[in-house]
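To start, the structure under review is shown below, and the notes come after it.
The values are calculated or read from the model by the stated rules, or taken from the named source; none is laboratory data. Remember, predicted model here, so these are calculated numbers, not experimental data. Neighbour counts run over all protein chains shown; Cβ positions are idealised from the backbone, glycine included.
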Amino acid sequence: MLYQLHEMQRSLLTPLMQWADASSKLFTNPVSPLAHTPFSQRIAAGYELMYRLGKDYEKPAFEIDSTLVKGETVGIIEHVVVNKPFCRLIHFKKDLDDKKIKALKQPTVLLVAPLSGHHSTLLRDTVRGLLVDHDVFITDWTDARMVPLSEGAFHLDDYIFYVQDFIRLLGPELHVISVCQPTVPVLAAISLMATEKDPKLPKTMTMMGGPIDPRRSPTQVNNLATEKKFSWFENTVIYAVPPNYPGFGRKVYPGFLQHAGFIAMNPGRHAQSHREFYAHLVEGDDEPAESHRKFYDEYNAVLDMPAEYYLDTIKTVFQDFSLPKGEWIVGGKLVRPQDITTVALFTVEGELDDISGAGQTQAAHDLCSGIPADMQQDFVAQGAGHYGIFSGRRWREVVCPKITEFIKQHG
């Protein structure tokens, strides 16, 4: 019922938000007489703030049209290679003929994006950084409310099988990078392939800020999962998609509830950010105001997660700790990271990460005991929070060059 109430509220608010948006423009457009009245800047700022607080945020575009290759600008073509019910595999293809692309000898990278609330476009900066020296593919997970019920359920095991399919499609000369949530299923996918001696095993796996072992330095996110009983998650955050979406009837963890949780983690910081946004609008300070818009266009765009996948993740990763305990069964087979011997491992953590605490990603090295020491590397980005290890200045100037060097070394 909560989902239906949310949709009703959204329908009621839409005309009001459109009016607020139009009013804001009336008080800022130089051809409008209202823009030249006293306090027009303040009035416009108030209307825009109202609009942005109440509007519905759609999935953003990647907006990656070009990159630099050896100092020259090269166009980028966004191409869907595989279209599965719950995920698209997107290739950021350089707009060069096959002969020139082959001559570049750029390593192929599969960037596995999180299915944990935000869209894969959250890794836009990650893709931009990698494109300079790599041929990049990314998993683009589908909003579960857009997947018809006839496509069946989507479990954590299915996520693992999807990743294996993509690895086999792009391998074996492949390097896999997982950010946050997918570090766990990616490690499981590669472990199972290693146990089966799959010839398409990747060359390297880079794991960034993920809960490989959430028992280490537990954060607020980890504590929520352990303090609440599994039945609480089943009964409190799972709802059926309403009739106005293709996924009508599918059980999901709704995006609007996830977004409320994101805000609740740091309400003061978000309130201050919006106060500063209003002040910038009043002062006519366009650059920081536009930066605010871009950040929240991404941050406020959330997707619904399949209920079975979300509940599997809560139980397997955050409550039972099945991976670090060596008890995880996927498709009837035990996940054995110690069977990985030929895939180089690089772990990346942020010193100030409040999502995946210190040591949670590093735990992969203890589990992957079969990988030779000279094929393992760990890096802690000083002063970086969770998002700082894959987006922003520290990503571009510190983390990305280290990943590039690691891939080059073990390619």
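Here is how the numbers come out for the structure above:
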quantity: Filter result (at positive phi and either within 21 Å of the chain's Cα centre (by Cα) or in a strand (DSSP E or B) (or both)) within the stretch 53-72; calculated: Glu63
quantity: Considering residues of the stretch 309-357 that are over 27 Å from Asn266 (Cβ atoms) and among the charged types (D, E, K, R) only, the residue surrounded by the fewest Cβ atoms within 10 Å (Cβ to Cβ); calculated: Lys325
quantity: Selection count where residues are in a helix (DSSP H, G or I), under 14 Å from Glu48 (Cα atoms) and out of contact with any Leu (no Cβ under 6 Å at 6 or more places or on another chain), scope the stretch 284-293; calculated: 4
quantity: Some residue of the stretch 287-304 being of a type in the set (Val, Ile, Thr), under 15 Å from Arg215 (Cβ atoms) and under 21 Å from the mean Cα position of the chain (by Cα); calculated: no
quantity: Among residues of the stretch 15-43, those that are of a type in the set (Phe, Trp, Tyr) and assigned to a loop (DSSP other than H, G, I, E, B), counted; calculated: 2
quantity: Enumeration of residues in the stretch 294-324 that are part of a loop (DSSP other than H, G, I, E, B), in contact (Cβ under 8 Å) with a residue 40 or more places away in the chain and under 20 Å from Gln360 (Cα atoms); calculated: Phe321
quantity: Residues being out of contact with any helix residue (DSSP H, G or I) (no Cβ under 8 Å at 6 or more places or on another chain) and either outside any helix (DSSP H, G or I) or not assigned by TED's automatic domain parsing to the domain that holds Val81 (or both) - total across the stretch 133-147; calculated: 2
quantity: Residue tally, condition touching a residue at least 12 places away in the same chain (Cβ under 8 Å) and not in a helix (DSSP H, G or I), over the stretch 197-243; calculated: 28
quantity: Qualifying residue in the stretch 159-167 (condition: touching a residue at least 12 places away in the same chain (Cβ under 8 Å), over 20 Å from Val343 (Cα atoms) and buried (at least 24 other Cβ atoms within 10 Å of the Cβ)); calculated: yes
quantity: Candidate set from the stretch 366-387 (those that are in a helix (DSSP H, G or I) and modelled with pLDDT of 95 or more); member that is surrounded by the most Cβ atoms within 10 Å (Cβ to Cβ); calculated: Leu367
quantity: Of all residues in the stretch 155-196 being farther than 25 Å from Lys93 by Cβ and part of a loop (DSSP other than H, G, I, E, B), the one that is farthest from the chain's Cα centre (by Cα); calculated: Glu196
